[in-house]
1. Just to verify a number: what accessible area does residue 123 come out at with the full protein assembly present, 1.4 Å probe, Å² rounded to tens?
2. Long-range amide H contacts for residue 170: which residues qualify at under 5 Å (H placed 1.01 Å from N, peptide plane, sequence gap of 5 or more or a different chain)?
3. If eta is 0.692 mPa s and T is 37 °C, what Stokes-Einstein diffusion coefficient results for the stretch 106-235, Kirkwood Rh from Cα pairs, in µm²/s?
4. Between residue 74 and residue 19, what FRET efficiency comes out of the Förster formula 1/(1 + (r/R0)^6) with R0 = 45 Å and r the beta carbon distance, rounded to 0.05?
5. As I understand it, the dipole of the stretch 81-235 uses +1 on the Cβ of Lys and Arg and -1 on the Cβ of Asp and Glu, about the Cα centre. Which of 213, 225, 198 lies farthest toward its positive end?
6. Relative to the Cα centre, what is the charge dipole magnitude of the chain, using +1 at the beta carbon of each Lys and Arg, -1 at the beta carbon of each Asp and Glu, and rounding to the nearest 20 debye?
7. What is the local net charge at residue 109, summed over the other residues whose Cβ is closer than 10 Å to its Cβ (Lys, Arg +1; Asp, Glu -1)?
8. Taking amide H positions as placed in the peptide plane 1.01 Å from N, state which residues far from residue 107 in sequence (5 or more) or on other chains have amide H under 5 Å from it.
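The values are calculated or read from the model by the stated rules, or taken from the named source; none is laboratory data. Keep in mind that what you see is a predicted model, and the values were worked out from it rather than measured. Because the Cβ atoms are built from the backbone with ideal geometry, glycine has one as well, and the counts that use them run over all protein chains shown. Calculation scope for accessible area: heavy atoms of the full protein, side chains included, ligands and nucleic acids excluded. Shrake-Rupley method; radii C 1.70, N 1.55, O 1.52, S 1.80 Å.
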Amino acid sequence: FWALESSGLYDNVKAASVSDSRVRTLWDQQTHHVEGHYQLPIPFRRGHPQLPDGLRMATRRLQHLTRRLRRDDTLAKRYHEGIQQLLDRGYAEPAPPRPSTDPDVWHIPHHPVIHPRKEKPRIVFDCAARVAGTSLNDAVHSGPDLANTLVGVLLRFRQHKVAVTADVEAMFHQVRVPPEQRDSLRFMWYPHGNMDQAPEEYRMTSHLFGGTWSPSACIYALRRTASDHGHPFHS
């Protein structure tokens, strides 16, 4: 304790604890079940984004991405399929007209991340991209660390004869963002994947890969699911 306090780390730990508590309270109060999905707010530090105009930055990044995709037809096809899947499954939607100068509006650049053993690229949104020294990730609390510890997992594996694991498909995208916050998750893309057309604005309806708060929000939603609906399955 003395080492933490004397080095100033204690203040950081204390501040993080207060921040995590506020985020938990926010989600406890404002989490709703909407059309088969939990809906959690983004935990903005000031209650609202208060971000600068990021449209020019996002447009410039899209131009860089476009040049890369034009050099790789296979990647371009799979990237378009990935964006289209977001739209078809309701994870994203066309964005309504709104000025990019509105402090609640933010445009996020995106790019592919390719796993060496997978053909399909993962579309990652760069929430750390900065304009005027700030980014979307800077404007939010990251939330409490709700992931199971490795020690805890290993100990629970020894409790019973059979252990079961499972994977949640598109876990981040299963957790919705309230409609009033979705304009902070805007991105640019081409209609029907046609890079010869002018890009249009879309926005995520769900939490996304790249947001510093997303892991905490989605694990909270998973635990909330067990809390709200797991009672009939308790042994």
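1. Here the accessible area works out near 20 Å².
2. The answer is none.
3. Details: Rh = 17.6 Å.
After rounding, the answer is 187 µm²/s.
4. Numbers: r = 43 Å, r/R0 = 0.96.
After rounding, the FRET efficiency stands at 0.55.
5. Checking the options against the dipole of the stretch 81-235, the answer is 225.
6. Working: 30 positive and 25 negative charges, 131 e Å.
With Lys and Arg at +1 and Asp and Glu at -1, about 640 debye.
7. Values: positive: 60, 61; negative: 126.
Local charge sum for residue 109: +1.
8. HN-HN under 5 Å from residue 107: 54, 55.
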